[in-house]
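Structure record follows, encoded as structure tokens.
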Amino acid sequence: MSQLPSFYVGDVVAFSNSTYHLPAPVTLKLPTNSTRGSVRYLLDSLQVLGSGSGLDLGPGIYLVRANYTLQFLVEVVYPQTTSSGWYFSGSLITFPSLIQVNSTVRYSLIGRSTFTVTGPANVTPDYVKQYLVTLSLPNGTLSSWIDQDAVATIPALIQVNSTVRYSLVGPSTFIVTVPAELTPDYVKQYLVTLSLPNGTLSSWIDQDAVATIPALIQVNSTVRYSLIGRSTFTVTGPANVTPDYVKQYLVVIDGNSSWMDQGSTVRLYREVGFPFNVKWVGTYNVSNGRVVNVNGPIVEKAVRVLSLVSLAEVVVPVGGAGGLAYALRRRTRSARTFVGKGELVLVNGVVAVVVEVRREDGRNVYYVDFG
């Protein structure tokens, strides 16, 4: 009982639940509270059992019961102030979630929001300092409370609708050290869709920028599309564009390549002197001077042939590496044309290759192989 507040019965120190014999009248001196450092007692109730009542007691025997309630001193240290108070054991202290310093600065509680009192205590709740950051964006104003020294993010894209947006120009982050009002730099962009022969191409392009249409669309090594008309335009709004293209094919004539429009024509012609002829071999197997349509890739090679029908006579069949061969003599000496080994010749309308040339009896003898 010694830790409870004492009181006096007359000049005698008394304690609660004690019985006293009073030979003469005395006054009961009772403190309503007693503070000892960070602990105090508050008078809760008083009972005086005996022949008298009140605090002025006459002679007699008395039982004095004084009940006190215990309190503790708790100090709460906030970011800019300190709050102290007496709390009963088991009391719950609730910390404010926000402490507003002014319109642009505040503290926000992090961690626990309550504290249970079990004894004297110094408590420092955990707060983070925050600043109000206001962004003036193309589509309105955005305000946010952001922690001190945190990294704030500016929206990289602001979507207005499916075909219009704003794209940030410059840094998209900054460190918050003070309240701020910012107006980030944005460029307006439009969705431009090109319907091309090989598919659809969509791109976001800056307002008033110059968009480029592909001049050539390569399908493969022998097929492509070539743009007809202008290859650029200024973007002033969302657009769906279908550029005009012509399909082209690679045409190779005697090793010379060129791209020609679908549906165009090409004349297969090489000038040769008598007694040579030209036969075109490849995509189209046609005679010299024929006109063919370009409806796909073309590869043609001019083959020079010599007709020996009027210049030679069959002498004797001989064995050939590729099949039946004949030795042909030139009939007249006046003909100056010489056919070399490996040349193609026509014999009675059949193409043959010269495999050997000999000089016999003053004449050229051509050995040909019909394959």
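By how many nm would the segment from SER172 to VAL286 grow when fully extended, if each residue of separation counts as 0.36 nm and the alpha-carbon distance is taken off? Display every interim value, and only then the final one.
On the way: separation 114, 0.36 × 114 = 41.04 nm, distance 6.79 nm.
34.2 nm is the gain from fully extending SER172 to VAL286.
Which residues does the label zone of THR141 cover in the stretch 161-202, counting backbone N under 18 Å from a point 7 Å along Cα→Cβ? Label zone hits: 179-185.
Just the number: Rg to Rh for the stretch 165-308, Cα atoms, Kirkwood Rh, two decimals.
Details: Rg = 26.8 Å, Rh = 19.9 Å.
Taking Rg over the Kirkwood Rh, I get 1.35.
Stretch GLN148-THR81 to full length: gain in nm at 0.36 nm per residue minus the Cα-Cα span? It would help to have the intermediate numbers written out before the result.
Values: separation 67, 0.36 × 67 = 24.12 nm, distance 1.94 nm.
Value of the extension gain: 22.2 nm.
How much length is gained on full extension from VAL39 to ALA239, taking 0.36 nm per residue of separation minus their Cα-Cα distance? All intermediate terms of the calculation are to be shown ahead of the outcome.
Details: separation 200, 0.36 × 200 = 72.00 nm, distance 7.95 nm.
Answer, rounded to one decimal: 64.0 nm.
Computed 3J(HN,Hα) for the stretch 215-226, one whole-Hz value per residue from the Karplus formula 6.51 cos²θ - 1.76 cosθ + 1.60 where θ = phi - 60°, is 6, 9, 10, 7, 7, 7, 6, 10, 9, 7, 10, 10, glycine and proline marked x.
When the alpha-carbon atoms of the stretch 182-221 are used, the pair Rg, Dmax equals 14.6, 54 angstrom. Database remark: amide H of LEU196 closer than 5 angstrom to the amide H of LEU201 (H placed geometrically; neighbours at sequence offset of 5 or more, or on other chains; Pro and chain starts carry no H). Close amide H contacts of ALA150 (hydrogens built in the peptide plane, cut-off under 5 Å, sequence separation of 5 or more or a different chain): VAL176. Ranking PRO214, TRP280, VAL241 by how far each Cα lies toward the positive end of the dipole of the stretch 210-297 (charges on Cβ) leaves TRP280 at the top. The HN-Hα couplings worked out from phi for the stretch 189-195 by the Karplus form 6.51 cos²θ - 1.76 cosθ + 1.60 (θ = phi - 60°) are 10, 10, 8, 10, 10, 9, 8 Hz, whole numbers, x standing for Gly and Pro.
Let me spell out the model: positive unit charges on the Cβ of Lys and Arg, negative unit charges on the Cβ of Asp and Glu, origin at the Cα centre of the stretch 183-282. What dipole size does that give, in debye rounded to 20?
Values: 7 positive and 7 negative charges, 86 e Å.
Roughly 420 debye for the stretch 183-282.
Placing R0 at 56 angstrom, the Cβ-Cβ distance between VAL101 and THR193 gives a FRET efficiency of 0.60 after rounding to 0.05.
Divide, for the stretch 150-217, the radius of gyration over alpha carbons by 2.2 N^0.38 Å, where N is the residue count. If you can, show how the numbers build up before the last one.
On the way: Rg = 16.8 Å, N = 68, 2.2 N^0.38 = 10.9 Å.
Normalised by 2.2 N^0.38 Å, the Cα Rg of the stretch 150-217 equals 1.53.
In plain terms, the C-alpha convex hull of the stretch 68-204 casts an average shadow of 12.6 nm² when viewed from every direction. Of the peptides 266-272, 132-138, the order by per-residue mean of other Cβ atoms within 10 Å, starting with the highest, comes out as 132-138, 266-272.
Laboratory data are not the source of any read-out in this text; all were calculated from the coordinates shown. Keep in mind it's a predicted model, so treat the numbers as computed, not measured. Glycine gets a Cβ as well: all are built from the backbone with ideal geometry, and neighbour counts include every protein chain shown.
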